[in-house]
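These notes are about the structure you will find just below.
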Amino acid sequence: MSAGTTTCEACGASDVHAYPRARTSGRVIVRCRSCGLRFLSNPEDAAAIHDFYDEYDRELFELYANARRSSMLDVVWRETIERISELLGGSAGRTLFDVGSGGADFLALARDAGYEVSGSELAPGAVEVAKETHDIDLHLGDLPTIEGSNLYDSVTMWCVLAHVSDPDELLTECLRLLKPGGVLFMQTPRWSAMDGAALAVSKATGGRASRVIDRRVSDTHMRLHSKSSMRQTLERLGFEVIATESRVRYSLETTHYLASLGVPERMRTPISSSVDSLLKRDAFFRNVLDVFARKPLG
C-alpha cells in the first residue's frame, strides 16, 4: 500500500505512510505524517472484537488481573480521581461512569471518594468479578445501548480507545453521556521511542522480525496516539481539551510482557530487574497519554 490510499482516522489527512506488512500477523501499520497517529490499516471488524470479549470468561479475566501492577495502579487511580474532582470543583455527590471497567477496582476507589459510580464492560467475566468483589453492577454492552444524555459529571476510560474499531463513535457516545461542563479522562497508549525502534527493526527485516511491534499494535490494540492526534480527534468531535500528558505507566508486570514476547523464561528475571529499576525512577519509555477534556457548557 502506498501513501495516499488511506486517510488518517484522527485528523483526516491523506499524507500517510504504510510500513511493511508483518510476515507473521499480516498487519499493516500506517503513520500519519500530519498528526503522528500510528494505526492498523487492516484491523479486525467490530464483530470479531465483540467475539473476543464474549469469550473472555472469569478465568481469563482473573489471569489478566493477577498480572497487573496493583500497587502502582492504586496510586495512579487515586491521583486521577483527585484531579477529576479538582476540575469538577470538588462538589459532593458527583456521578462518574467508567467505560471498560474490568473488575471495577477503579470504580470502588471513586465510590470511596464520594462519587456515585456506574460503568460498562464487554467481558462477562469482568462483570461477574465487579459484582462479587465490589457489589458494583456494570452494564454489559456497548455505550449506544445506554439510554439518555447528560447523565454523568465524569466519564473515564483506562486504555479503551485503542481497542475499539470506531473510536469516533466511542468518543461521541462519551460526549452524549457527559453533562455540560463534565470531564472526560482517558489513559490511552502513546507512540514512543520504543515503538519507533521496534518498527524500524520490522522494516529493516521486511516484516520478518515484528514480534515487539505486533505486541504494541495488534487486532485488539489498534492505534497509538500522539499528543497532536489526540487533541485533534477530541476537538474535531466537540470536546474542549484540558491536557494531554505523556506518562511512564506499564500496568502489567514486566515478566508478563516478556512472556508474551516469547522471551525464554531463564532470561525474564534479569531483564525484568533492569526494566523495573528504570520504571521506579520514571526513566523508561513514556508509553501512555493521560488526557483530560471537557464537554462544553453551551
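No lab work stands behind these numbers, since they all come straight from the coordinates. Worth saying up front: this structure is predicted, and the values here are computed from it rather than measured. Here the Cβ is made from the backbone with ideal geometry for all residues, glycine too, and neighbour counts use every protein chain on show.
Just a few scattered comments:
- Ranking of Cys174, Cys11 by count of other Cβ atoms within 10 Å, fewest first: Cys11, Cys174
- Which of Lys203, Lys280 has the fewest Cβ neighbours within 10 Å, and the rest in rising order: Lys280, Lys203
- For the chain, the longest principal axis of the Cα atoms and the long axis of helix 124-134 meet at an angle of about 50 degrees.
- With a Förster radius of 22 Å applied to the C-beta separation of Ala204 and Arg247, the computed FRET efficiency comes to 0.15.
- Taking the number of Cβ atoms within 10 Å of each Cβ as an exposure proxy, the fewest-first ranking of Tyr64, Tyr19 is Tyr64, Tyr19.
- Relative to the Cα centre, the charge distribution of the chain, modelled as +1 at Lys and Arg Cβ and -1 at Asp and Glu Cβ, gives a dipole magnitude of about 1780 debye.
- Of the residues Ser118, Ser273, Ser228, the one that moves most in a GNM of the chain with alpha-carbon contacts below 10 Å is Ser273.
- Spatially proximal lysines relative to Lys179 (Cα-Cα < 20 Å; intrachain offsets below 8 disregarded): Lys295
- The stretch 162-294: relative contact order as a whole-number percent, Cα under 8 Å and 6+ apart: 39 percent
- Net +/- balance of residues flanking Ser149 in space, Cβ distance below 11 Å, scoring K and R +1, D and E -1: +1
- Cβ-based net charge around Thr80, under 13 Å, with every Lys or Arg adding one and every Asp or Glu removing one: -4
- Between the labelled values [x] 20.0; [y] 21.1; [z] 22.2, the entry that holds Kirkwood radius over Cα pairs in Å as derived from this structure is [x].
- FRET efficiency for Ala13 and Asn66, using Cβ-Cβ distance with R0 set to 41 Å, rounded to 0.05: 0.50
- When the helices of the chain are scored as -39500 (n - 2.57) per DSSP H run of n ≥ 4 and the total is divided over every residue, the value at 222 nm lands at -12000 deg cm²/dmol.
- Set of lysines near Lys203 by C-alpha distance (under 16 Å), chain-local residues within fewer than 8 positions excluded: none
- Other residues lying with their Cβ under 11 Å from the Cβ of Pro43 contribute a combined charge of -3, Lys and Arg counting +1, Asp and Glu -1.
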